[in-house]
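Engineer: Mind having a look at this structure? Questions to follow.
The values are calculated or read from the model by the stated rules, or taken from the named source; none is laboratory data. Everything numeric here is computed off the predicted structure, so don't read it as measured data. In this analysis, Cβ positions are derived from the backbone assuming ideal geometry, glycine residues included, and neighbour counts consider all displayed protein chains. For accessibility, only protein heavy atoms count, side chains too; no ligands or nucleic acids. Shrake-Rupley method; radii C 1.70, N 1.55, O 1.52, S 1.80 Å.
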Amino acid sequence: MFMFDAVVLAQILWTGLATSSYMVLFTIAFALVLKVVKLWNFAQAGLMAIAFYAMFAAVNQFQWPTVVAVAFGLLVTLAASLAFEIYGLRTLRARRTSSLMFFIFTLVCSEFAAYALTFIFGTEPAPLFAQIVSPVRILAGIAVSDWDLLAVAVTLVLTIGLALYLRLAREGQFMVAVADNADLAELYGINAKRAFGAAFAIASVFICAGMYLYGARTAVIPTTSLQLMLFAVIATLLGGMGNVFGAAFAAVALSLVQSYSVLVIPSRWQGLIVYAFLFITILFFPRGVNTSGWATRLRVRRAPAS
Amino acid sequence: MDYLYSILILVGIYVVLASSFNLIIGNAGLVSIAHPIFFALGAYTAGLTAIHFGLHAIVATLAGAVVAALFSLMMSLPSLRVSGDYLMITSIGFQLGLLQVIKNVEFTGSQGGLSNIPTPVTGPYRGLVYSVVSLAIAAAVVWMIRWIVRGPYGRAITAMRDDELAFLALGRDAMRIKIVIFAVGCGLAGIAGGLYAFYYQYVSPEQFEILASAAMLTMVVVGGMGSTLGPVVGAVLLIALPQAITFLELPPGIMAPLQGMLFTLLVIVFMFIRPQGLISPEGPTPLPGHRHGNRSGPR
Amino acid sequence: MNRQRRDVLKAAVATALAAGVPAWAQDRSPLKFGLAMPLTGSQSAFGKDQVTAAQWGVESVNAKGGIQGRKLEMIVLDTQADAQVGINAVNRLISVEKVPVFITAWSAVVKAVAPIANREKVLELSVGANSPDIAKLGDYVFTTFPLADVDVTAVARYANQTLGKKTAAVLYINNDTGVEAAKVYRDAFEKAGGKVVAYEAYDPKATDYSGMLLKVRAANPEMVHIHGLITDLPQVIAQMRQLGLTQRVSSYSAGYNPNIIKQLGPAAEGLIVTSLAPGEKDSPELSAYIERWKKQEGRVPNGLPYTQYLHDGPIMVAHMFDWVLKNNLPINGENMRRAMLTIKRFELPLSGPVEVSETHQVVKPVYLLTVEKGQFVPLATVN
């Protein structure tokens, strides 16, 4: 019988939060692209794999120091995502392609990336660094590892950074405008294409960070990213399409629910939790969870009658 | 010779899958990706009923089709009120969720798969008999779909796909048509599942993941969405071409990824130079800007 | 001489040859058998090394003159350790290459191709897969490698009786390999007098085991047995240590891999693994074999014991061919099976004596090793 004691609950909370970090990063990347570019970017799986293997090659084959390796990974991912947007998506957009075709295109791109990486790197599972164990300290009965701290820190910094960017920076506000209505934004002189590029660029940063954290802890093979992506997709759906931070919150919540679920169900059923949530969402929110409606209603309520 | 038969049988199975998939997404415009799960449901049902109840292969396969069609209702009833992106994502969730259940439940053989499915045909002519049956079923399915699409029902489906608003304005019931088409398409996938189960005598959950969806989508897209022969061509190409490449005697370590790379590259190139697929859809094509009832917007 | 006479002469010579020369001397074509292994995919690191070992086995047979002057030829096809791909590969081996026997591994593949072997009456030799139900897959499926009940039972008993552990947790991967083996461990441990306090399966695609491990932490076992693949084993152990679990860990032969020590560093200390092939002091040829690996590939092979069995696989097949030819029987699966069951006991250089029987099972001594100061050292031998 599993003891419901405070230390165990606290440990699950901490470890759950720490391991939700990379999921949050992947979810934000996915949700941002969806919001701005209006694309269900299944090519993100390919970009995630590319990010990992670029860093992997830099660390293990070129023997570069970690910071340089991450920068290199970021550059490669950026290049790949921008090439994807400029040469792939723009062409399809110009042809008014249906969303099914876009979906197939993004998925096939991810498949191509997975095969190409298998060709170059083989399929032996490999973590980013030779050792996957990081130093651990016990604080008040809870095991806190260096990796945990790094994960939480990186995620907080990047997420808050993005929030500030979207709210305060001009380019960020332009992105929001394009997300709301691209045609209207263009009328005001905002370059939609630049906003799309910027969205992909930011997504690349989040993807790289996420894969760094993930790869430092677990071994990766070229098809790992597709599995990780599905979580991001579902979290995006739950958080409300078009709501990046709602999606991030959903990612954390889903992660924690999954972690706590071991208290009540056998661990092999953990993977099903995510799908159960999806099913509930479909049943009760057949048009998708639309949170922007709530925000508008709140604002209307607060504004004084004028 | 047996090797050739196994290819022919696979071609037959995938022609049924691609054609039924095309019925759903090409003809009716329903963006569901979950086709492999109905294939799985048919295969597992056929296998389980044969093992535990001793049903004959034909009856078991029909049972598989019925189960697949029933499960399609589970998906279509809640989510067909919406279309486009949302349906697409929920169909993925449905497929993978159901797959998770199959992988964790004892009676399906869980992760290890369902093995020792009895075969109705044994002996030296097994391969021949199965190929004939498989190709005959494939031909029948293609013909049946063609008959549906060409008839008055088919015109209704096309009208609904091209402009659902107008269709509804004319007083037609879009929901009912969607549910029926979906059930028919999924039922046919179930038949393919039965065929598969009795030939290979082994069903494992690995074959029905997202990559299976991608493969079927590719067949339909490359072959030509919305046309009758398009999915047939797509299925034949996707099955025969990789097999042909394996005979090139490349070092095995690089053959699988190289095969995959060439293939996906082919699909990508295809999507750009001939997006309508090898075989253009017959009948009226949707007006530009009116793609499957979706809002046009940046992608 | 004129054309007609030449033709008659040709015919006469041909007839004389056909009549006067014994059957075996006429046919000098190579004797083919199949090898279906993961050359690509997540298990390829093991698969490729096993293929290399098998190739060396074939070479050693041919270096000694082959089988009655005929060369042994091995046809290798990729299975990706995947059931579907394995089925295609074996179909090709049987119908295109027409082999009378093939060697394969990885439980999923072994099970998936069993119906084909039984139907076509081609001998299937499972070398390395250890799911106990392999013994019940049919007349034409045999394992030359001891199944999980052998080594898992040994490691369970050792934990309880020699190490004195009274409680244990069993963590296993939710697939063929894991499910069956976990049952074996639990039954063996409890039969020896111990108690299994946690029994958890994890999804093969899972990467975060914290929840499951916290359950284990709460149950407070004295020993933890993890039955997974090389892809997840180090991760589970790593996360175990990160959560403050300090118990000793045991696994099976998949854990006997230097990569684990590399990935885990000090966290690997004390890990107990099994090996079903003799170590260097029990097999003189083994040292030369390992030396050859170091010289040719610059490292020891992944899954050393498995490669020992794969090296000897072709040698077993060669003995079978030899028997069939000596008894003037046609070369087909049925006769190869007869040969195997008649010869019964094969003295093999790297894996020791292997005795096959109608029970489809093989019993061999289990060698236990542990990690000490970053190296695998022998711990005990269990018979």
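Engineer: If the elastic network links every pair of Cα atoms under 10 Å, which of B:ILE33, B:ILE102, B:ILE273 fluctuates the most in the Gaussian network model of chain B?
Structural biologist: B:ILE273
Engineer: Any idea which of B:TYR153, B:MET271, A:LEU162 is furthest toward the positive side of the dipole for the protein assembly as shown, if Lys and Arg beta-carbons carry +1 and Asp and Glu beta-carbons -1?
Structural biologist: Checking the options against the dipole of the protein assembly as shown, the answer is B:TYR153.
Engineer: Over region B:2-206, what percent of the accessible surface lies on carbon and sulfur atoms, probe 1.4 Å?
Structural biologist: Summing carbon and sulfur atoms, their accessible area is 70 percent of the total for region B:2-206.
Engineer: Tell me, what is the per residue accessible area of chain B in Å², probe radius 1.4 Å?
Structural biologist: 38 Å²
Engineer: Right, something else. Of B:VAL141, C:ALA135, C:PRO100, whose Cα points farthest to the positive end of the dipole of the protein assembly as shown (charges on the beta-carbon: +1 Lys, Arg; -1 Asp, Glu; origin at the Cα centre)?
Structural biologist: Farthest towards the positive pole: B:VAL141.
Engineer: Also, quick follow-up: Rank-order B:194-202, B:88-96, C:63-71, B:103-111 by packing density, defined as the average count of other C-beta atoms within 10 Å over each peptide's residues, highest first.
Structural biologist: With the highest mean Cβ count within 10 Å placed first, the list reads B:194-202, B:88-96, B:103-111, C:63-71.
Engineer: List every residue whose amide H lies under 5 Å from the amide H of C:TYR199, counting only residues 5 or more places away in sequence or on a different chain, with H placed 1.01 Å from N in the peptide plane.
Structural biologist: C:VAL170
Engineer: Here is a follow-up. Which loop-located GluC sites (Glu not before Pro) does region C:296-372 contain, where loop means any DSSP state but H, G, I, E or B and the Cβ has at most 15 other Cβ atoms within 10 Å?
Structural biologist: C:GLU358
Engineer: Report relative contact order for chain A in percent, whole number only (criteria: Cα-Cα under 8 Å, sequence separation at least 6).
Structural biologist: Normalised by residue count, the contact order of chain A is 33 percent.
Engineer: Given a 1.4 angstrom probe, I'd like the percentage of the accessible area of region C:82-240 that is carbon and sulfur, rounded to a whole number.
Structural biologist: 48 percent
Engineer: Continuing with this model, one more query. At a 10 angstrom cut-off on C-beta neighbours, averaged per residue, how do the peptides C:284-291, A:257-264, C:174-181, A:269-276 rank from highest to lowest?
Structural biologist: In descending order of packing, they fall as C:174-181, A:269-276, A:257-264, C:284-291.
Engineer: Can you list the residues in region C:92-126 whose accessible area drops by at least 40 Å² when all protein chains are present, compared with the chain alone? Use a 1.4 Å probe, heavy atoms only.
Structural biologist: Buried-area filter returns C:ARG92, C:SER95, C:PRO115, C:ARG119.
Engineer: Setting aside same-chain residues fewer than 8 positions from C:LYS71, which lysines have a Cα under 26 Å from its Cα?
Structural biologist: Qualifying lysines at Cα under 26 Å: C:LYS32, C:LYS48, C:LYS98, C:LYS121, C:LYS326, C:LYS344.
Engineer: Over what distance in Å are the Cα centres of region A:113-183 and region B:173-245 separated?
Structural biologist: The two parts, judged by their Cα centres, are 37 Å apart.
Engineer: In whole Hz, with x marking every Gly and Pro, tabulate ³J(HN,Hα) for region C:81-86 from phi via Karplus 6.51 cos²θ - 1.76 cosθ + 1.60, θ = phi - 60°.
Structural biologist: For region C:81-86, the Karplus curve yields 6, 10, 4, 4, 5, x Hz.
Engineer: Would you mind giving the total buried accessible surface between chains A and C, with a 1.4 Å probe and ligands, DNA and RNA left out, rounded to the nearest 100 Å²?
Structural biologist: 2700 Å²
Engineer: Give C:LYS136/C:LYS183; C:LYS183/C:LYS373; C:LYS136/C:LYS281; C:LYS166/C:LYS215 a once-over and call out the pairs whose C-alpha atoms are over 23 Å from each other.
Structural biologist: From C:LYS136/C:LYS183; C:LYS183/C:LYS373; C:LYS136/C:LYS281; C:LYS166/C:LYS215, over 23 Å: C:LYS183/C:LYS373; C:LYS136/C:LYS281.
Engineer: Something else: Grab the DSSP H runs of chain A that are 4 residues or longer, score each as -39,500 (n - 2.57), total them, divide by all residues and round the 222 nm result to the nearest 500 deg cm²/dmol.
Structural biologist: That comes out to -23500 deg cm²/dmol.
Engineer: In the Gaussian network model of chain C, springs joining C-alpha atoms below 10 Å, which of C:ASN130, C:ASN335, C:ASN327 carries the largest mean-square fluctuation?
Structural biologist: C:ASN327
Engineer: Residue-wise, which Karplus ³J(HN,Hα) couplings in Hz belong to region C:263-271, taking 6.51 cos²θ - 1.76 cosθ + 1.60, θ = phi - 60°, and x for glycine or proline?
Structural biologist: Once rounded to whole Hz, the list reads 6, 9, x, x, 5, 7, 4, x, 4.
Engineer: About the Cα centre of region A:6-298, how large is the charge dipole given +1 on each Lys and Arg Cβ and -1 on each Asp and Glu Cβ? Please answer in debye to the nearest 20.
Structural biologist: Rounded to the nearest 20 debye, it is 560 debye.
Engineer: Would you mind giving the total buried accessible surface between chains B and C, with a 1.4 Å probe and ligands, DNA and RNA left out, rounded to the nearest 100 Å²?
Structural biologist: For B against C, buried area totals roughly 2100 Å².
Engineer: Related question: Just counting partner chain Cβ atoms within 10 Å, what average do the residues of peptide B:260-273 show around their Cβ?
Structural biologist: Going residue by residue through B:260-273 and averaging, the value is 5.
Engineer: Tell me whether chain A comes out rounded, prolate or oblate; compute the Cα gyration tensor, take square roots of the eigenvalues as a ≥ b ≥ c, and use a/c under 1.5 as the rounded threshold.
Structural biologist: oblate
Engineer: On to the next question. Pull out a ≥ b ≥ c, the square roots of the eigenvalues of the alpha-carbon gyration tensor of the protein assembly as shown, then state rounded if a/c is under 1.5, prolate if not and a/b is larger than b/c, and oblate in the remaining case.
Structural biologist: oblate
Engineer: Just tell me how shielded B:205-215 is by partners: mean number of partner chain Cβ atoms within 10 Å of each residue's Cβ, no decimals.
Structural biologist: Shielding by partners across B:205-215 averages 4.
Engineer: What does the charge add up to near C:ASN130, with Lys and Arg as +1, Asp and Glu as -1, over the other residues with Cβ less than 9 Å from its Cβ?
Structural biologist: Here the count lands on -3.
Engineer: Then there's this: Roughly speaking, to the nearest percent, how much of region A:6-298's 1.4 Å accessible area is carbon and sulfur?
Structural biologist: 70 percent
Engineer: Any idea of C:ARG299's accessible area? Nearest 10 Å², probe 1.4 Å.
Structural biologist: Using a 1.4 Å probe on the heavy atoms, I get roughly 90 Å².
Engineer: How big a patch of accessible area, both sides summed and in Å² to the nearest 100, lies buried between A and B at a 1.4 Å probe?
Structural biologist: 4700 Å²
Engineer: List the aspartates and glutamates whose Cα sits under 16 Å from the Cα of C:LYS295, skipping any in the same chain fewer than 8 residues away.
Structural biologist: The reachable aspartates and glutamates, counting only those whose Cα sits under 16 Å from C:LYS295, are C:ASP49, C:GLU285.
Engineer: Right, something else. Averaged over A:260-273, how many beta carbons belonging to a partner chain fall within 10 Å of each residue's beta carbon?
Structural biologist: Averaged over the peptide's residues, the number is 6.
Engineer: Still on this structure, I have one more. Looking at the square roots a ≥ b ≥ c of the eigenvalues of the Cα gyration tensor of region C:17-122, which shape do they give, rounded for a/c under 1.5, prolate if a/b is larger than b/c, or oblate?
Structural biologist: Judged from the Cα gyration tensor, region C:17-122 comes out oblate (a/c at least 1.5, b/c at or above a/b).
Engineer: Would you please give the residues with an amide H less than 5 Å from that of C:GLU73, counting only those at least 5 places away or on a separate chain, with H modeled from the backbone geometry?
Structural biologist: The answer is C:LEU31, C:LYS32, C:PHE33.
Engineer: How large is ³J(HN,Hα), in whole Hz, for each residue of region A:192-200 in order, when computed from phi with the Karplus curve 6.51 cos²θ - 1.76 cosθ + 1.60 and θ = phi - 60°, using x for Gly and Pro?
Structural biologist: 4, 4, 5, 4, 4, x, 4, 4, 5
Engineer: Something else: What residues have an amide H closer than 5 Å to that of C:HIS227, excluding those fewer than 5 places away on the same chain, when H is modeled at 1.01 Å from N in the peptide plane?
Structural biologist: C:LEU171, C:TYR172, C:ILE173
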